[in-house]
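Student: The structure under discussion is supplied below as structure tokens; questions concerning it will follow.
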There are 2 protein chains.
Amino acid sequence: MSELRLNLVTREWVIIARERAKRPEDFKRSRRRRDIPVHSEGCPFCPGNEAMTPQECFRLDGEGGWRIRVVKNKYPALSDEGTRQRRIDGPRRMVTGVGTHEVIIESPLHNTNPALMDIQGVEEIIRTYRARFLEAYRDERVEHVIVFRNHGEDAGTSLEHPHSQLIATPVVPVQFRDRVNAAMHYFDDTGECLVCDILRSEMADGMRIVIDTEHFLTFIPYAALTPFHTWIIPKRHSASFCSIDEKETRDLAYHLNTVLSKFHRGLDDPDYNYVIRSSRPKDSENEYCHWYLSIVPRLVRSAGFELGSGMFINTTLPEDNARYLRAVEVA
Amino acid sequence: MSELRLNLVTREWVIIARERAKRPEDFKRSRRRRDIPVHSEGCPFCPGNEAMTPQECFRLDGEGGWRIRVVKNKYPALSDEGTRQRRIDGPRRMVTGVGTHEVIIESPLHNTNPALMDIQGVEEIIRTYRARFLEAYRDERVEHVIVFRNHGEDAGTSLEHPHSQLIATPVVPVQFRDRVNAAMHYFDDTGECLVCDILRSEMADGMRIVIDTEHFLTFIPYAALTPFHTWIIPKRHSASFCSIDEKETRDLAYHLNTVLSKFHRGLDDPDYNYVIRSSRPKDSENEYCHWYLSIVPRLVRSAGFELGSGMFINTTLPEDNARYLRAVEVA
């Protein structure tokens, strides 16, 4: 019989359907990615084509040129200019589309990505995330900031040059509010941070752990929404990503690089999204919220049931996913 | 500048990004569907192959054989057998996977669907939904029932023979709870049903209406999550789908058939999901919940931002979508 597991952080139920079980190997790509060149003539993110991007807002230089550039998105979902205005009209609520939409170009190399680059490269990306995250919140019109990465077409990206994105919105998404509420209720019930409790429990159990080091735990959540859904959680309680220090940055880079390398080798470079779920800087000290990084490989397609219920059907066991990833050797 | 619109029913924010605007015509399929035969030798849902399906639980007969069959899903996400049991283990919550997973085979013809069949055929499908919905709730282990349809590969279906599905779960999805809470707060604030208020407002405004008849309104929601996201809402207040009478059933069949025909003709037979969002039968009289049918064409792919925020970026104007669909002529 299948079982339903409740994700206490998101309050989402997941049907773990063993009867429909697939083995981890079954998720390997059937089609191969095409060979990607190290430099692409027409790519707006490749060195030499800097004039093709909109305004540059951040740059990290190294020997021989830039190592990371942050530019405005050419087709921004939200605009840097204008004032935040509300309109209430019967049951209609509107806010003007002010905010930020940036692209973080992660490398001058067209054919790399965080699974393939060295750890120093991933560290620099994380430092850049933090700098842009802090900068975005300096804008008083901004209520919430999302940093995310789309890898591959099934994950919604159209440009293959390695990049992440940052979107700063003038409202707080209900999904974030719901998680704060769930964390608050748990804190009221138990006097503990929910995520700290989950960390303790996962470390004691051990079955779902992929990587365990001094500052972070990478594991498959007990109620993973989809096959190989993965969380990277800081062991030190903090509500906001911006509070990470240098040692933690290096350790996070190790986790991100390693787990993405395991995906790359063990699952044949799957498409994925990752996102940093974090409170804003001024809420860093909040005792019931706890930031983390969530990775969702795009190995399955959601359908009407997921849409209609907000529940998920996962045809794999999280414990099996973790065991499989632990066994994948990376350099 | 783009604008953000709040969907008061789901509390989701949508970025309506005009700068990235696409015209409705841009969503037409680039690839053609292959020609589908009227009967397929190896299809388990085609007449003559009845022995290939698991247990039949409902059948509607007509001249010359069955017109609709309901069978157990061959790979059920949830099981009819066993008892509902809970396990609480630290921060882990589990419930045994009991419930129902049925397939509603909508026609003996392999190559039809609700956009192409006559209205009587769609009426029979709706009557079957209602019968199975009521039957599923007779099981005391069941807390919530979802009736949905996946059309096309991008919508998650693997069998092309026309069919819908019903899943009955032993828990209430958080998404449903959240909507009930939103409706309750609105009722407390205003003394009105939120959806009744939206209906009045949409009928007065008129810009987003696709089809308006005595018993139902089909329109593009003000904060449509995706291009051509469509709602079919009953004008008579009721919390549960099972309360529809014969006249309403015929009118709903007209709306569903007509709007899906408009999709078929105007958008070249797009993949889509639809789902009935309804309270359970014993909550039919609830004064702040209001059932409806939601259709989401799969014209765009969600990415890291949607995943990370629960917000959506819609590159079309709901008002334009409605105008476009109104102009599509169907027989």
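Student: Which of the residues spanning segment A:83-98 are surrounded by 15 or more Cβ atoms within 10 Å (Cβ to Cβ) and more than 9 Å from chain B (Cβ to nearest Cβ)?
Tutor: Listed by number, the list holds a single entry, A:ARG84.
Student: For segment A:48-62, indicate whether the set of residues that are touching a residue at least 60 places away in the same chain (Cβ under 8 Å) and under 30 Å from B:MET203 (Cβ atoms) is non-empty.
Tutor: No - not one qualifying residue is present in segment A:48-62.
Student: For A:ILE68, are the conditions met, namely being assigned to a strand (DSSP E or B) and loosely packed, with under 13 Cβ neighbours inside 10 Å?
Tutor: So A:ILE68 fails the test.
Student: Let me ask something else. Scan segment A:139-160 for residues that are crowded, with 21+ Cβ neighbours inside 10 Å and under 19 Å from A:ARG298 (Cβ atoms) and report the count.
Tutor: Total meeting the criteria: 7.
Student: Of the residues that make up segment A:265-273, is at least one within 24 Å of A:GLU135 (Cα to Cα) and either surrounded by fewer than 22 Cβ atoms within 10 Å (Cβ to Cβ) or within 17 Å of the chain's Cα centre (by Cα) (or both)?
Tutor: yes
Student: So, one more: Failed condition for A:THR249, given (1) in a strand (DSSP E or B); (2) more than 23 Å from A:ILE16 (Cα to Cα); (3) not aliphatic (A, V, I, L, M), with all others met?
Tutor: A:THR249 satisfies every listed condition except (1).
Student: Looking only at residues in segment A:43-65 that are exposed (fewer than 13 other Cβ atoms within 10 Å of the Cβ) and in a strand (DSSP E or B), which one is farthest from the chain's Cα centre (by Cα)?
Tutor: The extreme case among them is A:GLY65.
Student: Could you list, in sequence order, the residues of segment B:89-111 that are within 17 Å of B:CYS46 (Cα to Cα) and touching a Ser or Thr at 6+ places or on another chain (Cβ under 7 Å)?
Tutor: Result: B:ILE104, B:GLU106, B:HIS110.
Student: Would you please name the residue that is farthest from the other protein chains (Cβ to nearest Cβ), looking only at residues in segment A:175-202 that are part of a helix (DSSP H, G or I), touching a residue at least 40 places away in the same chain (Cβ under 8 Å) and more than 30 Å from B:ASN7 (Cα to Cα)?
Tutor: This residue is A:CYS196.
Student: Provide a single number: the residues in segment A:295-316 that are more than 7 Å from every other protein chain (Cβ to nearest Cβ) and assigned to a strand (DSSP E or B).
Tutor: Total meeting the criteria: 4.
Student: Looking for whichever is closer than 19 Å to B:SER309 by Cα, without any contact (Cβ under 8 Å) to a residue 60 or more places away in the chain and crowded, with 22+ Cβ neighbours inside 10 Å here; the options are A:ALA224, A:ALA239. Which one fits?
Tutor: A:ALA239
Student: Give me the residue from segment B:132-174 that is free of Cβ contacts under 8 Å to residues at least 24 places away in the same chain and in a loop (DSSP other than H, G, I, E, B) and, out of that set, farthest from the other protein chains (Cβ to nearest Cβ).
Tutor: B:ARG138
Student: Looking at this structure, is A:ARG326 touching a Gly at 6+ places or on another chain (Cβ under 8 Å), of a type in the set (D, E, K, R) and either closer than 26 Å to A:HIS264 by Cβ or touching a residue at least 12 places away in the same chain (Cβ under 8 Å) (or both)?
Tutor: For A:ARG326, the condition - touching a Gly at 6+ places or on another chain (Cβ under 8 Å), of a type in the set (D, E, K, R) and either closer than 26 Å to A:HIS264 by Cβ or touching a residue at least 12 places away in the same chain (Cβ under 8 Å) (or both) - is not met.
Student: Moving on. Does A:GLU285 satisfy being surrounded by fewer than 20 Cβ atoms within 10 Å (Cβ to Cβ), charged (D, E, K, R), closer than 21 Å to A:VAL9 by Cα and out of contact with any Asp or Glu (no Cβ under 8 Å at 6 or more places or on another chain)?
Tutor: In short, yes.
Student: If you don't mind, there's one more thing I want to ask. If you take the residues in segment A:107-131 that are in a helix (DSSP H, G or I) and of a type in the set (Ser, Thr, Tyr), which one is nearest to A:PRO281 (Cα to Cα)?
Tutor: A:TYR129
Student: Within segment A:53-73, can one find any residue that is facing chain B (nearest Cβ under 10 Å), touching a Gly at 6+ places or on another chain (Cβ under 8 Å) and under 22 Å from A:GLU143 (Cα atoms)?
Tutor: no
Student: Just one of the numbered conditions (1) part of a loop (DSSP other than H, G, I, E, B); (2) closer than 30 Å to A:SER79 by Cα is not true of B:TRP13; which one?
Tutor: Single failed check for B:TRP13: (1).
Student: Follow-up. Go through A:GLU329, A:GLU319 for me and flag whichever is within 14 Å of chain B (Cβ to nearest Cβ), over 18 Å from the mean Cα position of the chain (by Cα), surrounded by fewer than 21 Cβ atoms within 10 Å (Cβ to Cβ) and within 26 Å of A:ASP26 (Cβ to Cβ).
Tutor: Going through A:GLU329, A:GLU319 in turn, just one is within 14 Å of chain B (Cβ to nearest Cβ), over 18 Å from the mean Cα position of the chain (by Cα), surrounded by fewer than 21 Cβ atoms within 10 Å (Cβ to Cβ) and within 26 Å of A:ASP26 (Cβ to Cβ): A:GLU319.
Student: Quick check on this structure: which one of A:ILE211, A:ILE233 is in contact with a strand residue (DSSP E or B) (Cβ under 7 Å, 6 or more places away or on another chain), among the aliphatic types (A, V, I, L, M), over 30 Å from A:THR83 (Cβ atoms) and away from chain B (no Cβ under 14 Å)?
Tutor: The conditions single out A:ILE211.
Student: Also: More than 9 Å from chain B (Cβ to nearest Cβ) and over 18 Å from the mean Cα position of the chain (by Cα): does that describe A:ASP80?
Tutor: yes
Student: Out of curiosity, is B:ARG179 in contact with a Ser or Thr (Cβ under 8 Å, 6 or more places away or on another chain) and farther than 30 Å from B:GLU81 by Cβ?
Tutor: In short, yes.
Bear in mind these aren't lab numbers, they're just calculated from the coordinates by the rules spelled out. The model shown is predicted, which means the values in this text are computed figures rather than measured ones. FYI the Cβ positions are ideal-geometry reconstructions off the backbone, even for glycines, and counts take in every protein chain you see.
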